[in-house]
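Taking it in order: structure first as structure tokens, then the write-up.
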Amino acid sequence: MANGLVETLEKYVNDNKDTLIASLQDFLRIKSISAQNIGMEECAQFLKETMDNIGIETKMLRLEGAFPAVYGEIINPTAEKTLLIYGHYDVQPPEPLELWESDPFDPVIRDDVIYARGATDDKGNLWATIMAVKCLVDNDIELPINVKFFFEGEEEIGSPNMKAYMEAHQELMSADYTILCDRGIHESGRPQMYLGNKGIMNVEVTIKGAKRDVHSGQAPFIPNAAWHLVWLLNKLKDENDKILIPGYYDRVAKPSEEDLELLKSVPFDKEDYLKTYQIDDIIPKNEGVDALVSLLFQPTATINGLISGYQGEGSKTIVPNEATAKLDFRFVNDQDPEECKALIEDFFRKNYDGDIEVRYDDRRSPSKVPPSAEIVKISIDASKEVYGEDPVVWPFLDGSGPLSLFEEILGAPPIIIGLGAPFAYANTHAPNENISVDQYLKGIKLMATIYQRYGS
């Protein structure tokens, strides 16, 4: 069976194509908008029933004040390896409705592309991971590993209870590795995976001056909160975009030789990038692998927004008494978010001795699985088998998320495998979200191959 696995899966998927597509469409029809608390229970029940019918032993997990999470497992008593699959069944609100070419919750197929809210993010990805089990079960192919599934319903609102679910069911969800399927293939059509992501902490800095806004004729006397904030932020980074906080780079790890080899295979057309964003050059002014190293292996301090003074039409001559900056700090291996927080706090206090308030949200650590890890090698080989070409393998996702929790709480380091439409074309979070029939079906074959190959 090992040599003929992909051929068996290919035949099964082709023979059952209509059924596999129809089942995804049924899933997409169910509104599950977490931000509006619409259809969440119904969608979770539908998911549980489907998994039960496939032969996955499933239970609903609940926490007070949280949307339900769906947990499932197939346990092989002789298996030595366990894989956890993560996804989310909630979706973004569909608005603006007038920009959809068809009803966002009535999935239609146009030119072999399925259009619906959640098609790629994340219902199409999620559905492929459980239909992969159905492929193996229907062909009497024994799963040589334990496969566990954890599907939450709050990702689109920031996963506020994800950590609590993990801590409450730590032993139940424990695994050797985690695979998150919540992205798409590469724009070139090649399969795509990410071996980690950056950590993150959001920071809000507020400077206060006089007890109220004051007529700007008094500007020579009255401290201007907006100017003081600008001067403070100007000390945070230099003109080369380097963060000036003392000690901030002490634990920034350089990319390994394995990482650099991966980056050599990542398609990056700098001229196309500049054209897309209509900029003259990228900040580090380098190219190729060096540019990607700057993107993925350097910490960032980003001003997300500035709030102060009069924002309406026309002018209002005042000295603002309060100014706020919203920032995010992204961390790379081997930075410790708690150490970084202490350094950031010390920086603000030492560089401004007036009335300042600094607020921090929950911190997420960076997460990374080495390219030499077994699950990475298996996933790369499986991708080659199913797609017929090498995958695009990113050492890091340039963004951030809760990946570190899987290792910190469950002992199951995570990687991301994209099964949906390419990010540039998927219309994720936007009208006319989509996944092609081919992308969905190949995702099923890929995950089935990984399940089987990992245990072999």
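Just so it is clear, none of the values below were taken in a lab; they were calculated from the coordinates. Source: prediction; values computed, not measured. Backbone-built Cβ (ideal geometry, glycine too); neighbour counts: all protein chains shown.
Details
- Per-residue ³J(HN,Hα) for the range 352-366, Karplus 6.51 cos²θ - 1.76 cosθ + 1.60, θ = phi - 60°, Hz, x for Gly and Pro: 8, 9, x, 7, 10, 10, 10, 10, 10, 9, 4, 9, 10, 7, x
- Helical content of the chain, expressed as a calculated mean residue ellipticity at 222 nm, amounts to -10500 deg cm²/dmol (DSSP H runs of 4 or more residues, -39,500 (n - 2.57) each, divided by residue number, nearest 500).
- The range 148-229 - charge dipole about Cα centre, Lys and Arg +1 at Cβ, Asp and Glu -1, debye rounded to 20: 520 debye
- Restraint check, Lys264/Lys384; Lys275/Lys442; Lys264/Lys368, Cα-Cα greater than 24 Å: Lys275/Lys442
- Candidate values (i) 27.8, 121; (ii) 22.5, 70; (iii) 24.3, 84 were compared with Rg and Dmax of the Cα atoms in Å computed on the shown model; the agreeing label is (iii).
- Extension gain, Lys285 to Asp103: 0.36 nm times the residue separation minus the Cα-Cα distance gives 61.1 nm.
- Alpha-carbon centroids, the range 1-37 and the range 220-267: separation in whole Å: 44 Å
- Cut-off of 10 Å, at most 10 other beta carbons, DSSP loop: longest stretch of the chain lacking such trypsin sites (Lys or Arg not before Pro): 213-456
- Here is what passes the span test in the chain: the DSSP H helices with alpha carbon length of 24 Å or more along the helix axis and a Kyte-Doolittle mean of -1.0 or above are 437-455.
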